[in-house]
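The values are calculated or read from the model by the stated rules, or taken from the named source; none is laboratory data. The shown structure was predicted, so the numbers you read here are calculated from the model rather than taken from an experiment. Positions of Cβ are backbone-derived with ideal geometry, glycine not excepted, and every protein chain shown enters the neighbour counts.
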């Protein structure tokens, strides 16, 4: 039996009563904005800061981590059809789907024939 994937939406949320991106009174259920490019700082900014004890947070270390984060996010968008197709806008509700799934049910019946 085959079944199409369940629809879903990538969401973001805010902390401390901030981040209500769609102004619906809740900061727990806002669909993400998919940037045209993860490398365009006018659309999305990565901090690159590390909170690990003793981490190097110099300008060059931050720039290197930011580049890694940007590249990883860009790959995620490119490899995820629903994100790739909605670049430059807020993700539509249930605009993504889990993969198609196949279910096989098998059973073994043993009959005692005399």
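Observations
- For residue 24: the one exception among (1) without any contact (Cβ under 8 Å) to a residue 40 or more places away in the chain; (2) surrounded by 13 or more Cβ atoms within 10 Å (Cβ to Cβ); (3) touching a strand residue (DSSP E or B) at 6+ places or on another chain (Cβ under 9 Å): (2)
- Residues within segment 47-84 that are over 27 Å from residue 11 (Cβ atoms) and part of a helix (DSSP H, G or I), tallied: 6
- Unmet criterion (only one of (1) modelled with pLDDT of 95 or more; (2) under 30 Å from residue 2 (Cβ atoms); (3) surrounded by 14 or more Cβ atoms within 10 Å (Cβ to Cβ)) for residue 96: (1)
- Scope segment 40-72; condition surrounded by fewer than 15 Cβ atoms within 10 Å (Cβ to Cβ), in contact with a helix residue (DSSP H, G or I) (Cβ under 9 Å, 6 or more places away or on another chain) and touching a residue at least 12 places away in the same chain (Cβ under 8 Å); matching residues: 47, 49, 50
- Checked against (1) at pLDDT 90 or above; (2) within 21 Å of the chain's Cα centre (by Cα), residue 28 meets all criteria but (1).
- Any hit, segment 73-84, residues being surrounded by 14 or more Cβ atoms within 10 Å (Cβ to Cβ), out of contact with any strand residue (DSSP E or B) (no Cβ under 9 Å at 6 or more places or on another chain) and touching a residue at least 12 places away in the same chain (Cβ under 8 Å): yes
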